[in-house]
Every structure is written in structure tokens, then in C-alpha cells.
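Report on one structure; see the data block that follows.
The values are calculated or read from the model by the stated rules, or taken from the named source; none is laboratory data. Everything numeric in this text was worked out from a predicted model, so none of it was measured. We place every Cβ from the backbone using ideal geometry, glycine too, and count neighbours over all the protein chains shown. Note: areas computed on protein heavy atoms with side chains; ligands, DNA, RNA excluded. Shrake-Rupley method; radii C 1.70, N 1.55, O 1.52, S 1.80 Å.
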Amino acid sequence: MKNNNQLPLAGVRVVDFGQQIAGPAVAMTLADLGATVVHIDPPEGPLWDHPANAILNRNKSSIRLDLKTESGLSQALALITKADVVIESFRPGVMKRLGVDFSELRLERPELITLSVPGFASNDELRREWKATEAVVAATCGAFTDMGFNRVLMGLNPSFSPLPLGSSYATSLAASSVVFALTEREKTGRGDSIEVPVASALMEGLSYNSYVIEGLPDRYKTMREHEIEHRKTNDIPMDLSYQQLQEYLDPFYRTYECADGRMFYCVCPSHRNHAKRALQLLGIYDELLAEGLPDVVDLHQPIAEWEGETSIGVYPLPKKWADIISAKMKKAFLAKTSTEWGVAFGEGQIPGAPHRTTQEWVNDEHTNAAGLIVEVKDPEFGIMKQPGPIAWLEGLTESMLSPRPRKEVSYDQALAELTEVAEQDKVTRPVGADIHPITGNGWLDGLRVLDLTNVIAGPHSTAFLGRFGAEVIKLDPVTPFYDPLIGTLFTFLTNMGKKSALVDITTDEGREVFKRLVRSVDMVVINAPERQIKPLGLDHESLQAINPGVLFCRLDCLGGPLGGPKTDYIGYDDIIQANSGIMSRFGGQKTPEEHAHLGTLDVNCGFAAGLGMAVSLYHKQKTGEATRARTSLSAVTNLAQIPFAFDYQGRAPFNEPSGREALGNHELSHFYQTGQGWIFLDANATELSTLNQIEGLKGILATDDIAGFLTAAFKTAPADYWAEMLQSAGVAAAAPQSIEDLRDRYSRQADGSVGIDKGSFAFSVYPDHPSSHCVTLIDHYAIRPAEATIRAIDSTERFGHSTRVILADAGYSEAEISSMIERKVAGQGWGKEFLPS
């Protein structure tokens with residue numbers, strides 16, 4: 001048996017009824033962190049027959065029960081009596097109809113935590129009964145329609161991606177919610193009943209693709225956006241080839257061919273130092289200066305006040321300079337191999353990485369050394385390379401790196417395992433008559449967080465805490481490192497609910513401010529590589545000396561539970577997409593393409609950091625020990641690729657659907673054009689008889705060409721007809737929606753509430769946003785507890801808006817504050833306008 005005594009969730013007992021990916025992945029995540037998990041499959045085995053079950057069910061004891069029989073139901077209920085947490089992922093109401101009623105169970109045992117992860121929300125009257133496969137949820141949420149500017153210019157709509165993004169986001173959100181509920185239970189004795197619809201989790205994950213800023217200044221529009229507008233205005237077809245498209249990409253945000261014929265992804269826009277380092281490394285910086293490369297000192301001023309036409313560190317660059325720089329970079333990259341450039345960029349602290357396949361990623365020296373990939377001796381596949389943990393606590397990772405392989409047990413063995421752990425558990429929470437009544441508090445009420453993060457993943461992690469009641473102080477430098485697109489535009493999402501202060505912590509006075517703020521908070525959060533932590537005074541000893549007991553969380557790009565050759569390399573979402581195989585799958589190995597969704601990995605890295613912080617809080621509540629939570633973009637790319645990110649001797653080829661021509665997994669799981677619009681059918685061979693009963697599809701059993709048959713049949717009626725007919729027959733299918741249509745249909749003016757009661761979709765419109773623009777954002781509504789409160793958090797305030805208040809709270813007088821602002825030790829803004837024009 002795996003030794004999990006030192007892991008933070010040791011003693012927590014979970015009964016996992018989950019199927020497919022999301023439910024089992026939540027239980028896997030809890031098991032990785034030390035929970036004891038019994039997984040229950042139906043008599044015929046897992047509903048998803050896939051090698052990835054070896055990952056999803058590691059560290060678990062699995063049994064098969066028939067809940068439709070009296071004995072099977074009785075055994076399931078007996079196991080639940082020993083559980084702290086029960087997880088299911090069926091359509092709403094299925095478990096209750098089978099005899100497992102979460103409401104009744106919690107009436108008998110208010111300490112129980114139940115988690116439901118349905119495809120669509122239980123209050124989604126239109127869709128809750130649909131067979132909600134991964135692809136059906138994605139199609140309904142616009143994930144196959146809104147696939148980015150590249151696909152628009154190439155005239156590709158819909159597009160398909162096999163990444164299970166919905167389940168990936170739902171896993172991090174749901175696992176976080178369970179641990180937050182466990183932490184609250186330590187205080188009150190009460191559990192909770194939580195729902196996390198996969199569709200709503202996916203919408204939160206796609207938040208950077210769905211937000212709208214009315215009147216957005218032209219300076220933020222890319223060359224691709226201008227070309228799309230030009231073609232629409234002049235009725236020109238969207239028909240760019242892949243090669244033509246490359247010339248519409250920013251030189252610091254595109255793919256280059258190298259000496260070995262392989263591709264390298266350079267991602268260093270918006271940060272002056274990164275772009276300059278890249279040009280110097282490539283040997284073309286001085287050449288560009290000689291040609292008159294302009295420079296703008298303050299990018300946060302309105303363009304009309306710039307002293308030059310553009311500058312490196314501006315994204316997007318105007319076409320003139322983009323073309324000049326791209327031409328020189330293309331030539332320079334041909335001087336070395338993609339591997340050599342990977343090392344040069346990494347060691348030079350420049351964001352960039354070679355394009356690689358998922359097979360290469362899984363077998364890479366760094367991912368294996370760092371614990372991002374672990375080896376498990378699976379009973380079916382032998383030595384199997386699997387994804388490592390998605391979040392961990394420093395110093396408590398040893399047993400996480402050697403997971404126990406999945407194992408089949410008897411009912412008696414499963415019951416005995418849960419009973420033994422329950423008997424050994426030292427209960428520290430209120431029990432019996434001491435259990436608190438329902439308070440309606442947020443899980444994190446009273447928690448104070450100091451946020452030192454930037455870009456997307458880091459600040460998204462702390463914004464995530466706000467809905468649960470945490471108070472977040474956002475501390476930024478007086479002079480920004482990033483241009484307004486990344487530095488300001490993204491903050492409309494990442495800095496919601498935070499109080500903003502600008503302080504130069506590199507000065508002695510600023511350092512004292514930092515120390516005072518650390519003394520006032522419970523948690524400090526940053527995204528940075530390991531090499532920066534001690535110089536910043538953020539190592540464990542330094543922080544504990546300032547505030548004994550303070551917790552810490554760190555996110556980075558390539559970090560894992562252990563060190564590896566690339567641990568200190570810096571980078572963004574896009575770099576891990578390139579290096580882990582996502583781009584090679586999406587665009588094809590010879591023509592890799594960024595997975596169209598902005599923040600594909602960033603957002604989930606933020607959610608995974610939320611999980612890490614939840615575990616850290618729980619561990620402190622149980623033990624009093626201050627720990628350091630960790631996650632990385634590399635850890636969460638494995639979760640997003642869980643159907644592919646594994647290897648073993650004899651594994652089937654890595655030939656999952658890839659490239660721009662891919663429209664599905666196979667002929668029964670595929671997009672088809674109908675008489676009006678498209679339909680995504682997500683069936684399998686066992687459902688051919690059911691399909692044969694549907695009017696218009698009769699005869700499918702007699703054909704040898706299923707794809708040809710369906711292509712012809714679906715054109716005889718519109719998509720809505722086929723969607724209704726297939727869904728009524730219990731077959732997974734959906735007409736693809738666009739995010740724009742969903743936003744138009746499900747938006748309301750911001751009213752101080754979270755749209756949990758609105759079903760699977762809810763947007764809020766902020767007509768009086770602090771930016772002076774009308775802004776529409778997705779609600780923070782995916783996590784839905786029955787007892788704890790989820791709060792609507794305030795719009796993002798201007799940088800430095802709360803500097804005076806925060807400094808006053810830290811004990812500074814008005815005179816001292818004014819002096820610091822005058823001397824630029826502190827600041828109240830980055831420019832004349834919140835969002836510069």
C-alpha cells in the first residue's frame with residue numbers, strides 16, 4: 001500500500017462513483033494528495049474504456065457494484081457511511097433514482113461533503129438531460145466555433161480539438177471546492193453539497209475568449225484582426241493558407257524554422273526586456289537600431305503622446321516593423337537547431353521553446369527529472385509513464401512521485417480499507433451536537449492574501465479566491481514591466497475584487513512596506529521561477545521570520561515537485577503548449593498552431609494554484625504547520641492532455657486526431673454538415689442500432705461506409721432537427737454554438753449576484769466599469785455549494801487606486817504616504833488612463 005501518512009489529505013476518505021474524465025480525475029487529484037479513495041464502476045466496468053483509466057484510478061481501490069440491485073445499493077450505502085466525500089458525475093438526478101440521495105445522506109450525516117460534476121447544470125432546463133460527452137459540452141459552449149483569429153482567416157469553422165478542456169477545468173475547480181469545504185468543516189463540523197457543471201467550468205476556463213470591451217482602442221488590435229475587418233468590409237473570402245497566415249503574426253509571437261528543420265515558438269511580446277534579450281541573442285538587435293528601430297519610454301501613455309511610432313515591448317507591433325523584424329528573425333533562427341535555441345532561450349531567461357510532440361514531452365529528460373511525469377507499475381500496461389500531480393506542497397511530495405497502481409478489490413476489502421483509515425483518523429472538527437448550524441459564510445471569509453503575481457495564471461489564482469470571501473491586496477511595481485495589453489487589458493479579469501497598490505519594493509522604504517504587508521496577511525502568492533525566490537526574500541525562512549505561520553504559493557512555467565534542467569526557465573502558456581505537443585496536435589506536426597483559446601493552460605494553472613492554496617490551508621488547520629503550495633503550467637498541461645500524456649511498452653501510436661482537417665475522433669464522433677448548419681455526433685459502435693431507429697438514419701446498419709452514409713443523411717434536414725432527434729434517442733449530439741451567441745442570450749446587467757441560478761451560462765455586463773468602457777464578463781459561477789456563499793466580486797480597479805488606503809492600514813501617516821508617492825517609492829497609477837488609448 002502507498003505510504004500516504006505524510007500527505008496533506010491523509011485520513012480523508014472518498015467514495016468515487018465518477019465516470020469518464022472529470023469525476024475520476026477529481027478523485028485522482030485527492031488521492032494524489034493522500035486521500036483514501038474507493039472507486040466504484042458498474043458491473044460491466046468503466047463507461048470509458050481507455051488506457052487513461054490507469055492514470056485516473058491510480059492510488060485507488062476499485063470495485064464493481066450494480067446499484068440497480070438491492071445488494072449493490074446496500075453495499076454502496078455502507079461504503080458511503082465511512083466516507084468524508086462522495087463524488088459522482090452523472091446527469092442530474094441519476095444517483096437519486098438509483099437510490100443514492102445526497103440530500104438524505106447529508107440530513108443523516110451533516111459532516112458529509114458531496115460533489116456532483118454533471119455535464120450541464122442541474123438547473124439547466126434545456127440541457128440537463130442531454131448525454132453530455134466532452135465533445136458535446138465543448139460544441140455547446142462555443143469551444144469548436146470560437147477557435148481564434150487564425151481559423152477565421154483560414155476560413156475554418158467549425159474546428160475540432162480532442163483536448164478535454166471542460167473536464168480539465170472542472171477537475172481543478174471541483175477538487176479545490178472539496179478541499180475548501182474540508183477546511184471549513186474543520187471549523188464548523190459541517191460538510192456541504194457541491195455541484196460543478198463541466199459546461200460552466202469550461203466557460204470560466206474560456207473567460208479570456210468571451211469577454212468584450214466596447215470601444216476597444218485600435219492599438220490593441222492585431223494584424224490578424226485588422227485583416228479580418230478588411231476582408232469582411234470588402235467581401236473578400238477568408239482563405240489564407242497556413243504559410244500566408246504567418247505573415248500576419250507578431251514577430252515576437254510566432255513560430256520559426258530552425259537548422260534541423262524543426263520549429264521553435266518565440267513568445268516574448270509585451271515585455272521590453274524579454275524582446276530585447278531575444279534580439280540580442282539572435283544577433284540582430286544592433287542591426288535593427290542602426291535601421292532606426294524606435295523606442296517609447298512610457299508605453300502606458302496614450303499613443304498620441306508617444307515620442308516614437310512604436311517600440312519593442314509593444315504588442316501588437318505595427319506591420320511595418322513587424323515585417324522588418326520577422327524577416328531578420330527568420331534568417332537568424334536558421335543558424336541553430338531547435339534544441340540549441342531552446343537551451344539558449346531558457347538559459348538567457350527569454351520565453352521560447354521548441355515545438356515537440358506529446359510523446360516527446362512524456363519522455364523528455366526534464367519532465368521526468370522534475371516529477372512532471374512519473375512512473376507507475378500498472379497491472380495491465382506494466383511500467384507506465386503518467387502525468388505527475390497538478391498541485392503539491394513543498395517537502396510533502398516524496399510519495400506523490402511513486403503512485404500506487406490501481407487495484408481491483410472486493411467489497412469487503414474496500415469496506416475494511418475505509419474502516420481502518422476512519423478508525424485511525426484523529427478527528428479535530430466539531431462533531432455531534434457541536435456541529436454548527438448553517439451560517440451562509442464564504443469558505444475563505446477573513447482570509448487575507450498578498451498578491452505579487454503578473455500576466456494571467458498567477459493573478460487568476462488569487463482572483464479565484466475572491467468569490468469565497470478572501471481579501472486580496474494586489475501589489476505591483478510603480479513602473480510597469482508589461483505593455484498595456486498584458487499589463488492592463490487582462491487585469492479586467494485577473495484583478496477583479498482586489499485592492500491595488502503600487503510600491504517599489506526594491507527600495508529600502510518599499511521593502512519595509514512589503515514586510516508590513518506580509519505581517520498583515522495569511523498567504524503570499526507569486527509566479528516566478530525558483531531562482532528568483534531567495535533574492536526577493538520569499539524563501540521559507542525569510543517569510544517566517546517576518547510573519548511566523550504565513551503560507552506561500554508559487555506558480556511557474558516548467559517547475560515540478562523536483563528540480564530538473566529547465567526548472568528555472570521562464571515562459572508562458574504558449575510555450576508549454578508548444579513544448580508539450582498541444583500545438584503540434586492542433587495544427588499538425590509540420591505546421592504547428594497555437595490552440596486557439598487564449599489562456600488554455602493559464603486559467604487552469606490559476607485554478608490548480610487555488611487547489612494548492614486550499615490544501616495548504618487545510619494542512620495548517622489540521623497540523624498548525626505553514627507550508628508552500630506549488631503548481632505550474634507544465635503540471636496542468638498533463639491534465640489537459642490526460643487521454644494522450646502517457647507511454648508504455650506496446651502503447652498504440654500517438655495518432656489522435658490532429659491538424660486543421662480533423663473534424664472528429666472517428667466517423668461516429670465527428671462534425672457533419674446538415675441541411676442548415678453543422679452537427680457534432682458523438683456516438684460509438686454500440687449505438688448503431690439506436691441510430692438505425694432514428695428517422696432519416698435507418699439503413700446505417702447495412703452500410704459499409706458509415707461516414708458517407710451520415711454525410712448524405714445529415715444534409716436532408718437542419719442541425720436543430722438532428723440535435724433534437726439524436727438527443728431524444730439518448731445519443732450524444734449538439735449543434736455547435738458560438739460564444740458570441742451564448743453571450744447575447746445569457747447576459748444581464750451586473751446586479752451584485754453570481755449567476756448560479758441561471759443554468760449553465762451566465763454573463764454580467766458592467767456599463768460603468770472603472771475603465772470607462774462597457775465590459776461584459778463571464779460570471780464566477782462554476783462552483784455551486786448548497787450552504788457556503790459564493791460572492792460576486794467587484795470590478796477591477798485602476799492600478800494604484802487603493803495605494804493610500806493600503807499604506808494607511810499598514811501604519812503610515814498621510815504625510816509619509818504623500819512623500820513616498822512624490823519620490824516614486826509608491827504610486828497611484830501607471831498612466832493618465834486606466835486603459836490607455
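Below is a table of values for the structure above.
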quantity: Verdict on PHE481 being in contact with a Phe, Trp or Tyr (Cβ under 9 Å, 6 or more places away or on another chain), in contact (Cβ under 8 Å) with a residue 12 or more places away in the chain and closer than 29 Å to THR637 by Cβ; calculated: no
quantity: Residue that is surrounded by the most Cβ atoms within 10 Å (Cβ to Cβ), among those in segment 232-242 that are of a type in the set (D, E, K, R) and without any contact (Cβ under 8 Å) to a residue 60 or more places away in the chain; calculated: LYS232
quantity: Only listed residue being under 19 Å from THR36 (Cβ atoms) and either over 31 Å from the mean Cα position of the chain (by Cα) or of a type in the set (Lys, Arg) (or both), chosen from THR114, THR81; calculated: THR81
quantity: When residues of segment 678-699 are limited to those that are without any contact (Cβ under 8 Å) to a residue 40 or more places away in the chain and more than 24 Å from ASP49 (Cα to Cα), the one surrounded by the most Cβ atoms within 10 Å (Cβ to Cβ); calculated: LEU697
quantity: Candidates ALA729, ALA717, ALA713, filtered to the one that is open to solvent by 40 Å² or more (accessible area, probe 1.4 Å) and over 27 Å from PHE586 (Cα atoms); calculated: ALA729
quantity: Cβ-Cβ under 8 Å pairs, at least 6 apart or on other chains, segment 609-638 side under 12 Å from LEU393 (Cα atoms), far side of a type in the set (S, T, N, Q) and open to solvent by 10 Å² or more (accessible area, probe 1.4 Å); calculated: ALA614/THR183; LEU617/THR183; TYR618/THR183; ALA626/GLN544
quantity: Selection count where residues are hydrophobic (A, V, I, L, M, F, W, C), within 21 Å of the chain's Cα centre (by Cα) and more than 21 Å from LEU282 (Cβ to Cβ), scope segment 335-373; calculated: 5
quantity: Unmet criterion (only one of (1) over 23 Å from ASP573 (Cβ atoms); (2) touching a residue at least 12 places away in the same chain (Cβ under 8 Å)) for ALA416; calculated: (2)
quantity: All positions within segment 155-165 that are of a type in the set (A, V, I, L, M, F, W, C) and closer than 18 Å to GLN673 by Cα; calculated: LEU156, PHE160
quantity: Segment 374-391, subset open to solvent by less than 30 Å² (accessible area, probe 1.4 Å) and more than 29 Å from GLY588 (Cβ to Cβ), residue farthest from the chain's Cα centre (by Cα); calculated: GLY382
quantity: In segment 419-454, the residues that are polar (S, T, N, Q) and either surrounded by fewer than 12 Cβ atoms within 10 Å (Cβ to Cβ) or free of Cβ contacts under 8 Å to residues at least 60 places away in the same chain (or both); calculated: GLN424, THR428
quantity: Some residue of segment 819-827 being assigned to a strand (DSSP E or B), buried (at least 16 other Cβ atoms within 10 Å of the Cβ) and in contact with a Lys or Arg (Cβ under 9 Å, 6 or more places away or on another chain); calculated: yes
quantity: Segment 781-818, subset of a type in the set (Ser, Thr, Tyr), open to solvent by less than 40 Å² (accessible area, probe 1.4 Å) and out of contact with any Gly (no Cβ under 6 Å at 6 or more places or on another chain), residue nearest to GLU512 (Cα to Cα); calculated: TYR812
quantity: Helices (runs of 4 or more DSSP H) contained in segment 456-521 and holding at least 3 residues surrounded by fewer than 23 Cβ atoms within 10 Å (Cβ to Cβ); calculated: 508-519
quantity: Condition check for PRO770: open to solvent by 40 Å² or more (accessible area, probe 1.4 Å) and touching a residue at least 60 places away in the same chain (Cβ under 8 Å); calculated: yes
quantity: Residue within segment 174-192 that is farther than 30 Å from GLU667 by Cα, open to solvent by 30 Å² or more (accessible area, probe 1.4 Å) and not in a helix (DSSP H, G or I) present; calculated: yes
quantity: Residue match in segment 70-78 (condition: in contact (Cβ under 8 Å) with a residue 12 or more places away in the chain, more than 32 Å from the chain's Cα centre (by Cα) and within 14 Å of ALA27 (Cβ to Cβ)); calculated: no
quantity: Residue satisfying condition, being of a type outside the set (Val, Ile, Thr), at positive phi and either at pLDDT below 95 or open to solvent by less than 20 Å² (accessible area, probe 1.4 Å) (or both), within set GLY755, GLY759; calculated: GLY759
quantity: Search result, residues across segment 522-558 that are part of a loop (DSSP other than H, G, I, E, B), out of contact with any helix residue (DSSP H, G or I) (no Cβ under 6 Å at 6 or more places or on another chain) and more than 29 Å from GLN349 (Cα to Cα); calculated: ASP522, PRO548, GLY549
quantity: From the options THR637, THR591, THR631, residue that is outside any helix (DSSP H, G or I), of a type in the set (S, T, N, Q) and open to solvent by less than 10 Å² (accessible area, probe 1.4 Å); calculated: THR631
quantity: Residues (over 23 Å from ILE576 (Cα atoms) and crowded, with 17+ Cβ neighbours inside 10 Å) located in segment 243-271; calculated: none
quantity: Segment 396-442, residues that are more than 26 Å from GLN6 (Cα to Cα) and among the hydrophobic types (A, V, I, L, M, F, W, C); calculated: ALA433, ILE435, ILE438
quantity: Subset of segment 272-302 [open to solvent by 20 Å² or more (accessible area, probe 1.4 Å), within 19 Å of GLY346 (Cβ to Cβ) and in contact (Cβ under 8 Å) with a residue 40 or more places away in the chain]; calculated: ASN273, ARG277, LEU281, GLY283
quantity: Residue match in segment 3-26 (condition: farther than 30 Å from PHE644 by Cβ, in contact with a Phe, Trp or Tyr (Cβ under 7 Å, 6 or more places away or on another chain) and either open to solvent by less than 40 Å² (accessible area, probe 1.4 Å) or not acidic (Asp, Glu) (or both)); calculated: no
quantity: Residue within segment 505-521 that is touching a residue at least 12 places away in the same chain (Cβ under 8 Å) and under 30 Å from TYR211 (Cα atoms) present; calculated: no
quantity: Filter pass, ASP412 being more than 19 Å from ALA52 (Cβ to Cβ), assigned to a loop (DSSP other than H, G, I, E, B) and acidic (Asp, Glu); calculated: no
quantity: Residue count for segment 436-457, restricted to those that are touching a helix residue (DSSP H, G or I) at 6+ places or on another chain (Cβ under 7 Å) and under 22 Å from THR600 (Cβ atoms); calculated: 4
quantity: Selection count, segment 242-291, where residues are of a type in the set (S, T, N, Q) and under 12 Å from GLY352 (Cα atoms); calculated: 1
